[in-house]
Amino acid sequence: MYKESLRNLISGARPCESFETMEGRRLNMPMPDERCDLCGICADACTGKAISVDGGWSVDLGRCVFCRDCYDACGYISERPAPHYALNREDLVFAAGKEKDVEGRLDDSRVADLGNSVHIRELDTGSCNACEHEANAMSNIFNDMSRFGIGVKASPRHADVLLVTGPMTRAMLTAARKTYNAVPDSKMVVACGTCAISGGPFAEGDVVGTGIGDTMPVDIYVVGCPPTPNGMVVSFVKALGLRH
Amino acid sequence: MIRRMDEGIVDLGGRIRELMEDGYGVVCMYATEKGDMPRSIQTVLRKGERIVHITTVLESDSYQAMSPFIPQLRPYERDMREMNGLDPIGLKRHYGPQRLQWGYTEAHPLQKGELPAERHNVPLTGNRMSGDGVFEIPVGPVHAGIIEPGHFRFSVAGEPILKMRTSMGYTYRGIERMAERPAAVDQTRLMERACGDTAVANALAYAHAMEGDTEIPRRARLLRTVFAELERMYCHFGDIGGIAMDAGLSVPAARGAELKEEVHRMNAEVCGHRFLMGTIIPGGVRRNIPDSRLDLLKKRMLRIGFELEELVGALDDSSLFLDRAETTGILTHENALRYRALGPTARASGVKTDVRKELPYDAYSEVGMRLITHDKGDVYSRMFVKAKEIVESVNLINQCLDLMDGCVIRADVSIADGFRLGIVEAPRGELVHAVNIVNGGIWRYRIRDPSFINWIALETALPGNIVPDFPLINKSFNLSYSGYDL
Ligand code: SF4
């Protein structure tokens with residue numbers, strides 16, 4: 001193992017994946033073809049109530065847990081690559097047959113202070129811990145987020161970005177507010193995963209509202225349950241305009 | 001599975017003690033609310049494959065405390081107090097981690113009907129150490145690394161820890177209450193997300209509880225075993241990498257994370273989800289691994305076996321690592337038995353316990369496996385057990401792939417009323433789902449995660465260790481917060 005590491009060091013070869021590969025590896029979202037007659041089988045099969053057929057077919061990626069039950073229920077639905085993130089909650093709702101590019105970039109005024117690096121403080125507000133595993137995986141050798149200038153900080157006072165997972169349980173409310181207030185201004189909040197965006201499977205449990213948006217303003221919505229680590233890295237790089 | 005139902009025992013504590021002398025251990029204990037069912041305490045005990053289920057009907061909201069003479073029951077009594085409001089008579093103070101961060105003034109979260117809006121904070125009480133030179137260090141709920149929220153108080157005199165108090169409940173989402181739906185509704189989604197890195201085990205326990213005696217197709221049973229072992233592999237790789245990281249060895253740590261990622265990617269390739277969510281369903285499996293992919297999986301298994309050897313070899317050769325890991329955070333054999341510690345944690349302390357062996361479910365009865373134990377109970381032992389278990393998982397998966405045949409992967413399930421139980425071996429240990437179904441609806445759903453017990457084991461392993469070793473010890477136990485809080 002050490003020999004191999006040494007060889008990599010000498011050759012200068014990085015074991016990590018290129019940004020393009022990371023960007024290309026996406027989660028899949030459902031999309032019906034033109035045969036769809038809005039019968040509603042898919043909406044009934046969807047446990048997260050992400051699919052709606054009232055007034056045209058649409059899927060809300062903020063509620064989708066990517067379980068693929070809808071593909072099993074209806075043969076007219078096929079897989080389509082999903083976006084990694086979006087900047088507005090409404091952008092996560094996709095209507096049938098409409099392509100749109102939602103992976104925008106935050107205003108220059110928001111990211112001007114960042115230079116070319118961004119520091120993250122992770123805040124768990126009641127997640128199921130899969131999102132934590134994926135957030136940890138951002139720093140493994142495949143994704144290697146530090147090459148884009150992304151790092152994790154131990155204290156919110158040193159952070160630019162709050163990466164929030166979980167649906168905001170009542171018990172975490174005070175701690176979450178304090179953490180949010182401790183991040184210095186011109187901060188950004190990232191809602192990571194379905195339950196941070198909309199409460200997901202826990203929306204009717206002991207949580208505050210639907211997702212973290214009811215407690216703090218959200219700037220970036222990272223899609224997935226859990227989002228992939230490469231998706232998280234790509235979201236940071238593209239939304240904050242980091243060099244890659 | 002052999003079950004015996006006993007009803008209406010007055011002296012529950014005495015009865016449990018009798019059974020424990022006979023070699024039984026308490027697997028799960030919980031309270032049910034009045035309504036379709038009488039108010040009662042449900043106790044499940046297990047010895048090997050023999051299971052005893054005791055229903056004790058309660059007349060009032062109190063019962064004779066049992067934990068003073070049965071330490072295993074400490075977390076359960078606390079749970080019944082905080083969640084259902086049952087008072088143990090004669091118990092001066094509760095031990096073990098706090099279950100909730102808040103309480104209702106006049107109600108309890110698992111009581112039926114609407115809950116009042118008014119709540120108050122539950123302060124962390126009891127067991128505080130005081131004296132000259134004794135200080136308390138509070139940690140959390142927001143930690144320095146990327147982990148879940150929980151609050152710890154270390155009582156220290158200088159560097160060594162005298163005592164740790166744990167306050168949990170930050171990730172309480174009310175899953176047990178949410179699960180009280182008609183039994184026919186498929187709740188796999190919710191159960192998988194009770195604890196994300198134990199998704200397969202939770203879904204399996206849920207499925208076993210719902211299936212009862214339904215015959216599961218052979219291919220489905222084999223696939224379930226493969227999925228469960230894949231999950232164990234990535235969990236253990238993550239732990240080994242984490243232990244190396246906390247011991248300050250960055251190359252093995254990176255290697256552990258790399259191998260974990262490889263298993264995740266393999267998962268995504270063979271069944272479409274990195275954490276294998278959505279693979280299991282009551283009655284069988286939802287995702288098939290086509291025969292054409294089996295060879296691929298086998299090849300990967302072979303490679304992972306080699307790489308693991310290299311990784312563990314690098315740690316074994318490092319005197320730096322051994323210095324940190326050996327004799328650190330010892331969970332003694334006695335304490336492991338006393339609190340009935342579970343899973344790799346218990347096996348590292350020399351307790352021979354493994355549901356896969358004792359109560360074989362799915363395909364575990366068809367394949368051979370070794371029970372890995374170690375006798376020291378320190379951080380190194382736990383790492384050793386986990387590393388060896390990965391090798392066993394590779395073996396198990398290979399055996400299952402060889403046996404794979406048939407093409408049916410799902411059977412129909414009809415859910416009957418009564419008491420249902422699902423016990424599986426999750427990566428962290430024995431995981432129990434106990435369900436009471438009345439009139440086709442779930443009256444009470446109880447999830448008993450292995451972490452529910454092992455948090456107490458961690459508290460007993462700490463005293464005498466220095467504060468900087470806490471992260472290392474904590475990582476070697478690798479307990480789940482969300483599985484505890486639910
Ligand atoms: S978004 Fe999904 S994976 Fe992430 S914490 Fe929530 S339930 Fe778990």
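The values are calculated or read from the model by the stated rules, or taken from the named source; none is laboratory data. Here the structure is a predicted model, which means the values were calculated and not measured. Here the Cβ is made from the backbone with ideal geometry for all residues, glycine too, and neighbour counts use every protein chain on show. Remember, those area values only see protein heavy atoms, side chains included, never the ligands or the DNA or RNA. Shrake-Rupley method; radii C 1.70, N 1.55, O 1.52, S 1.80 Å.
Here is how the numbers come out for the structure above:
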{"item": "The protein assembly as shown - accessible surface per residue (Å², probe 1.4 Å)", "result": "37"}
{"item": "Cβ-based charge dipole, the stretch A:108-240, positive-most Cα from A:T169, A:G115, A:A196", "result": "A:G115"}
{"item": "Overall dimensions of chain A as given by Cα atoms, namely Rg and Dmax in Å", "result": "18.9, 61"}
{"item": "Cα principal axis extents for the stretch A:108-240, largest first, Å", "result": "40, 31, 25"}
{"item": "Selection from A:A137, A:N230, A:L240, by position along the positive dipole direction of the stretch A:108-240 (Cβ)", "result": "A:L240"}
{"item": "Accessible area of chain B belonging to carbon and sulfur atoms, whole % at 1.4 Å probe", "result": "51"}
{"item": "Part-to-part distance (alpha-carbon centres) for the stretch B:394-431 and the stretch A:97-172, which is given in Å", "result": "36"}
{"item": "Table column - 3J(HN,Hα) (Hz), the stretch B:313-326, Karplus curve with 6.51, -1.76, 1.60, x for Gly and Pro", "result": "x, 4, 6, 5, 7, 8, 5, 4, 5, 4, 4, 6, 8, 7"}
{"item": "A versus B: buried accessible surface, summed, Å² (probe 1.4 Å, to nearest 100)", "result": "4200"}
{"item": "Average beta-carbon neighbours from other chains, 10 Å sphere, peptide B:308-315", "result": "1"}
{"item": "Mean shadow area of chain B, taken as a quarter of the surface of its Cα convex hull (nm²)", "result": "21.9"}
{"item": "Solvent accessible area, Å² - B:Y481, 1.4 Å probe, full protein context", "result": "10"}
{"item": "Cα-derived Rg to Rh of the stretch B:214-435, Kirkwood definition", "result": "0.99"}
{"item": "Simple Cβ-charge dipole of chain A, Lys/Arg +1 and Asp/Glu -1, about Cα centre, in debye nearest 20", "result": "900"}
{"item": "Square roots of five times the Cα gyration tensor eigenvalues for the protein assembly as shown, Å", "result": "36, 31, 28"}
{"item": "Shielding of A:201-209 by partner chains, average beta-carbon count, 10 Å", "result": "5"}
{"item": "Under 30 Å from the Cα of B:K388 - lysines, other chains or at least 8 residues apart", "result": "A:K3, B:K47, B:K260, B:K298, B:K299, B:K352, B:K357, B:K376, B:K475"}
{"item": "Estimated 222 nm signal from helices in the protein assembly as shown, with DSSP H stretches of n ≥ 4 weighted -39500 (n - 2.57), rounded to 500", "result": "-10500 deg cm²/dmol"}
{"item": "Accessible area, probe 1.4 Å, largest first, for residues B:H374, B:H264", "result": "B:H374, B:H264"}
{"item": "Amide H contacts under 5 Å for A:F142, placed H, 5+ residues apart", "result": "none"}
{"item": "Which of A:S18, B:S414 is most accessible, then next, and so on - probe 1.4 Å", "result": "B:S414, A:S18"}
{"item": "At 0.890 mPa s and 25 °C, Stokes D of the stretch A:53-186 from Kirkwood alpha-carbon radius, µm² per second", "result": "139"}
{"item": "Karplus 3J(HN,Hα) series, Hz, for the stretch B:385-395 with 6.51 cos²θ - 1.76 cosθ + 1.60 (x for Gly, Pro)", "result": "4, 5, 4, 5, 5, 5, 4, 4, 4, 4, 4"}
{"item": "Sequence-distant residues sharing a close amide H with B:G441 (under 5 Å, placed H)", "result": "B:A183"}
{"item": "Positive dipole terminus of the protein assembly as shown, leading residue within B:M233, B:L371, A:G104 (C-beta point charges)", "result": "B:L371"}
{"item": "Convex hull volume per residue for the stretch B:61-115, taking Cα atoms only, in Å³", "result": "82"}
{"item": "Average beta carbon contacts from partner chains per residue of B:166-172, 10 Å cutoff", "result": "5"}
{"item": "Span-like helix ranges in chain A, DSSP H, alpha carbon extent 27 angstrom or more, Kyte mean at least 0.0", "result": "none"}
{"item": "For the stretch B:339-486, the spread of Cα positions along each principal axis, largest first, Å", "result": "54, 41, 21"}
{"item": "The stretch B:279-310 and the stretch A:22-54: distance between their alpha carbon centers, rounded to Å", "result": "28"}
{"item": "Long-range HN-HN contacts of A:V189 with modeled amide H, under 5 Å", "result": "A:L162, A:D219, A:I220"}
{"item": "Per-residue ³J(HN,Hα) for the stretch B:51-58, Karplus 6.51 cos²θ - 1.76 cosθ + 1.60, θ = phi - 60°, Hz, x for Gly and Pro", "result": "10, 10, 10, 10, 9, 10, 7, 9"}
{"item": "Electrostatic dipole magnitude of chain B [Cβ: Lys, Arg +1; Asp, Glu -1; Cα centre; debye, to 20]", "result": "360"}
{"item": "Dipole magnitude of the protein assembly as shown, debye to nearest 20 (Cβ charges: Lys/Arg +1, Asp/Glu -1, about Cα centre)", "result": "720"}
{"item": "Over the stretch B:303-350: Kirkwood hydrodynamic radius from C-alpha pairwise inverse distances, Å", "result": "12.6"}
